[in-house]
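These notes are about the structure you will find just below.
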Amino acid sequence: MSTSETINTGKEKLDNWLHQKNYFTDVLEKIEQKTGVKRIYQFLGLVGIFALYLVFGYGADLIVTVLGFAYPAYQSVKAVESETKEDDTQWLIYWVVFGVFNIVEFFSDILLSWFPLYFLVKLIFLCWCMAPVSWNGANTLYHKVIKPFVLKHQSQIDKALDKVGEKVDAVAKEAKDAATEAAIRAATESDKKDS
C-alpha cells in the first residue's frame, strides 16, 4: 500500500469516526451546519490548537499524564470484564511499557522537559503505545526491548527480589515484635498506675 493510499484510508477512517453519533460529533455537526466547515477540518483544527497548548500552555505535563492514564485505565477495566484474553494481554503490555517509560522519564525529565515540544512528543508516544493496531508502541517496545531484557536477566532479578523479600520479612518481624513489646509495656505501666 502506498503512502497516499495509507493517508486516504486513515482520512476515511477518521471521517467515519467523526460521523458516528455521540455528543462530540453532534457538536461538530452543528458547527458544520452553521459555518460550512467540514467536521474533519474542525477536528484537525482542534488537534492543532491542543498541540500548540501542549507546547506553550500551562499544565501540559498533567494533561499528558492524565490522557496517558485515563483511556488505558478505562480500556483495562473493560478488558478485565470481557470474556477474551487477548485484550487483557494488550493492556497488560501497555501498563508494563507505561511503567518502564515512567521510570526512564523520572531520570530524564529534568533535561527533557525543557524542550518545547517534549509534552507533545510524549503524548504522541503514549498515543502510539495505546493505538489499536498490532504494531503499536507498547507491543513493539515490549517484544523488542523489555521482554528480551527480562528473559536475559530473569534469574538475577528473581534472586534480588527474593533477597528484598527476606529483608522486608525480617524488618516486618522486628517491627511487629517491637510493637508487641511496646504494647505490653504500656499495658503493664497502665496497670501499675491504676493500682
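The values are calculated or read from the model by the stated rules, or taken from the named source; none is laboratory data. Only a predicted model underlies this, so the values are computations on that prediction, with no experimental measurement involved. Cβ coordinates were reconstructed from backbone atoms using ideal geometry, including for glycine residues, and neighbour counts include every protein chain displayed. What goes into the accessible areas is simple: the full protein's heavy atoms, side chains included, and nothing from ligands, DNA or RNA. Shrake-Rupley method; radii C 1.70, N 1.55, O 1.52, S 1.80 Å.
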Inset, instruction - Send over a whole-number figure in Å² for the accessible area per residue of the stretch 38-175, probe 1.4 Å. - result: 71
Inset, instruction - Report, to the nearest 10°, how far helix 86-112 tilts away from the longest principal axis of the Cα atoms in the chain, using its own Cα long axis and a range of 0 to 90°. - result: 80
Inset, instruction - Tell me which label goes with the value of mean projected area of the Cα convex hull in nm² computed from the coordinates here: (i) 10.5; (ii) 11.9; (iii) 21.3. - result: (iii)
Inset, instruction - With springs only between Cα atoms under 10 Å apart, run a GNM on the chain and tell me which of ALA79, ALA178, ALA160 wobbles the most. - result: ALA178
Legend entry - Residue with peak Gaussian network fluctuation, the chain [Cα springs, cutoff 10 Å], from ASP162, ASP177, ASP87: ASP177
Legend entry - Under the Karplus curve 6.51 cos²θ - 1.76 cosθ + 1.60, θ = phi - 60°, whole-Hz ³J(HN,Hα) for the stretch 119-130, x wherever Gly or Pro sits: 6, 5, 5, 4, 5, 4, 4, 5, 5, 5, 5, 9
Legend entry - GNM top mover of THR25, THR180, THR65 - the chain, alpha-carbon springs below 10 Å: THR180
Inset, instruction - Enumerate the aspartates and glutamates that LYS21 could reach by cross-link, defined here as Cα to Cα under 14 Å, with residues fewer than 8 away along the same chain left out. - result: GLU29
Inset, instruction - Sequence neighbours fewer than 8 away in the same chain don't count; with that in mind, list the lysines whose C-alpha is under 21 Å from LYS147. - result: LYS85, LYS159
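Calculate for the chain the 222 nm mean residue ellipticity that helices alone would give, adding -39,500 (n - 2.57) per DSSP H run of length 4 or more and normalising by residue count, nearest 500 deg cm²/dmol. It would help to have the intermediate numbers written out before the result.
Details: 8 runs with 162 residues, N = 195.
Value at 222 nm, helices only, nearest 500: -28500 deg cm²/dmol.
Using DSSP to define loop residues, name the trypsin sites (Lys or Arg not before Pro) in the stretch 1-64 whose beta-carbon has at most 11 other beta-carbon atoms within 10 Å.
Working: sites: LYS11, LYS13, LYS21, LYS30, LYS34, LYS38, ARG39; in loops: LYS21, LYS38.
For trypsin sites (Lys or Arg not before Pro) across the stretch 1-64 that sit outside H, G, I, E and B with at most 11 neighbouring Cβ atoms in 10 Å, the list reads LYS21.
Could you calculate the FRET efficiency of GLN20 with SER113 from 1/(1 + (r/R0)^6), where r is the beta carbon distance between them and R0 is 45 Å, rounded to 0.05?
Details: r = 36 Å, r/R0 = 0.80.
E between GLN20 and SER113, to the nearest 0.05, is 0.80.
For the stretch 70-176, which whole-number percentage of the solvent-accessible area (1.4 Å probe, protein heavy atoms only) is attributable to carbon and sulfur atoms?
Working: 5630 of 7900 Å².
Carbon and sulfur atoms account for 71 percent of the accessible area of the stretch 70-176.
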